[in-house]
Amino acid sequence: MKRIRSVAVFCGASNGISKEYLEIATNVGKKIAQRDIHLVYGGGKSGMMGAVASGCLDGGGKVTGVFPKVLEGLEPQHEGLTELINVLDMHTRKMTMFERSDAFIVLPGGFGTMDETFEVITWKQLNTHTKPIVILNHSGYFDSWVHMTDHFIANGFASFKTRKLYEVVNEVDEIFHLIH
């Protein structure tokens, strides 16, 4: 297995979420830094997105943010990143994050997080890549998503092989048993 040198983290940027989620994101960021893995993420300062970047930076890690012009004025950019790449739109953001990452970690989030996750799973299904995808199902956050995937399979809209395209774990440390 190829050594993972960079990882994209997909997660929510919403404020007003439980402090528990922010602590998880900070912890993931610190563990990325401890393993000398370069973090690639959406470039924002708020919510879990900001927490994962700050955790990595506080741990001495390198962080690249990919920030789309469409979010200017809607979401603050994180200051102090190792690198900030400004892109035109969300499509370019996803492609840039994909190209700069050896693996993907999915933390709790909303529609944007799901969009990013489905995109890299679909690309893997189409043999565009073989990069690891690990979903943190902390406290059952993604249980409904897992059930929805089972529903797709049960109704013939996805193959059972689809489940092998990604891993679902329940604890932060389990992520790093799969990505190293």
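The values are calculated or read from the model by the stated rules, or taken from the named source; none is laboratory data. Predicted model only: the values in this text are computed from it and were never measured. So basically every Cβ, Gly included, is an ideal-geometry build from the backbone, and we count neighbours across all protein chains shown.
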Next item on the list: Among the residues of segment 22-60, write down those that are in contact with a Phe, Trp or Tyr (Cβ under 6 Å, 6 or more places away or on another chain) and assigned to a loop (DSSP other than H, G, I, E, B).
Entry: Gly43
Next item on the list: Please find, within segment 68-90, the residue that is farthest from Met49 (Cα to Cα) out of those that are surrounded by fewer than 11 Cβ atoms within 10 Å (Cβ to Cβ) and of a type outside the set (Gly, Ala, Ser).
Entry: Leu88
Notebook entry, point to check: Just to be sure, is Gly47 surrounded by 20 or more Cβ atoms within 10 Å (Cβ to Cβ), at positive phi and within 14 Å of the chain's Cα centre (by Cα)?
Noted result: yes
Next item on the list: Would you mind stating whether Val106 is of a type in the set (A, V, I, L, M, F, W, C) and closer than 23 Å to Glu23 by Cβ?
Entry: yes
Note to self: With in contact with a Cys (Cβ under 7 Å, 6 or more places away or on another chain) and part of a helix (DSSP H, G or I) as the only criterion, which of Thr113, Thr117, Thr122 stands out?
What the structure shows: Thr113
Next item on the list: Filter segment 161-175 for residues that are in a helix (DSSP H, G or I), closer than 18 Å to Thr117 by Cα and of a type outside the set (A, V, I, L, M) and give the result.
Entry: Lys161, Thr162, Arg163, Lys164
Next item on the list: Would you check which residues across segment 127-145 are outside any loop (DSSP other than H, G, I, E, B), within 21 Å of Ser18 (Cβ to Cβ) and touching a strand residue (DSSP E or B) at 6+ places or on another chain (Cβ under 7 Å) and list them?
Entry: Ile135, Leu136
Item checked: Phe111 vs. criteria out of contact with any helix residue (DSSP H, G or I) (no Cβ under 8 Å at 6 or more places or on another chain), modelled with pLDDT of 95 or more and closer than 23 Å to Val169 by Cβ -> yes
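Residue by residue, here is whether (1) part of a strand (DSSP E or B); (2) closer than 27 Å to Leu165 by Cβ holds:
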{"residue": "Ala13", "(1), (2)": "no, yes"}
{"residue": "Glu20", "(1), (2)": "no, no"}
{"residue": "Gly65", "(1), (2)": "yes, yes"}
{"residue": "Lys94", "(1), (2)": "no, yes"}
Check: Based on what the data block shows, is Phe104 of a type in the set (A, V, I, L, M, F, W, C) and surrounded by fewer than 17 Cβ atoms within 10 Å (Cβ to Cβ)?
Finding: no
Checklist line | Selection from segment 133-146 of residues that are β-branched (Val, Ile, Thr) and surrounded by 15 or more Cβ atoms within 10 Å (Cβ to Cβ) | finding: Ile133, Val134, Ile135
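Each row is one residue, and each column tells you yes or no for (1) under 27 Å from Asn15 (Cβ atoms); (2) in contact with a Pro (Cβ under 9 Å, 6 or more places away or on another chain); (3) surrounded by 13 or more Cβ atoms within 10 Å (Cβ to Cβ).
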residue	(1), (2), (3)
Thr122	no, no, no
Lys131	no, no, yes
Met148	yes, no, no
Asn155	no, no, no
Arg163	no, no, yes
Check: Do any residues in segment 22-42 that are within 14 Å of Thr64 (Cα to Cα) have Cβ atoms under 9 Å from those of residues that are among the basic types (Lys, Arg) and in a helix (DSSP H, G or I), where the two are at least six apart or on different chains, and which pairs are they?
Finding: Ile37/Lys31; Gly42/Arg93
